[in-house]
């Protein structure tokens, strides 16, 4: 872009991208970047026009993120955290599907997302 600005003698992006000579100076991806950026900006700033009313935002899940210290059976993780297989898969979409099957083993070092255990509070009686 610096070279194009010097050749065209302007810093005005609209003028640069609307020029007939822009194809000579800028590759396809760069030429379309500006238009794509403006389109994304338009959609983001007018999201309600494109997507309807604002999305309902739910409370964030209280999650623990654990790196497995050793190879661990998928079935053992599901039962340990009292989840069904669909719930476990939904919480761990980052894990390859080949590991997310009954009888398979997740390798050591895999990051696993599980629901955080509820905090136990002690009741103090006077």
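Yes or no, residue by residue, for (1) assigned to a loop (DSSP other than H, G, I, E, B); (2) modelled with pLDDT under 80:
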site	(1), (2)
48	no, no
54	yes, yes
66	no, no
76	no, no
95	yes, no
98	no, no
119	yes, yes
123	yes, yes
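Scan the stretch 81-88 and tell me whether some residue there is under 20 Å from the mean Cα position of the chain (by Cα), within 13 Å of residue 112 (Cα to Cα), without any contact (Cβ under 8 Å) to a residue 60 or more places away in the chain and surrounded by 13 or more Cβ atoms within 10 Å (Cβ to Cβ). Looking through the stretch 81-88, at least one residue is under 20 Å from the mean Cα position of the chain (by Cα), within 13 Å of residue 112 (Cα to Cα), without any contact (Cβ under 8 Å) to a residue 60 or more places away in the chain and surrounded by 13 or more Cβ atoms within 10 Å (Cβ to Cβ).
Within the stretch 1-21, the set of residues being under 38 Å from the mean Cα position of the chain (by Cα) and surrounded by 14 or more Cβ atoms within 10 Å (Cβ to Cβ) comprises 4, 5, 16, 17, 19. For the stretch 4-20, residues that are within 21 Å of residue 36 (Cβ to Cβ) and part of a loop (DSSP other than H, G, I, E, B) total 4.
The values are calculated or read from the model by the stated rules, or taken from the named source; none is laboratory data. Computed from a predicted model, the values in this text were never measured in an experiment. A quick note on method: Cβ atoms are made from the backbone with ideal geometry, for glycine too, and the neighbour counts reach across all protein chains shown.
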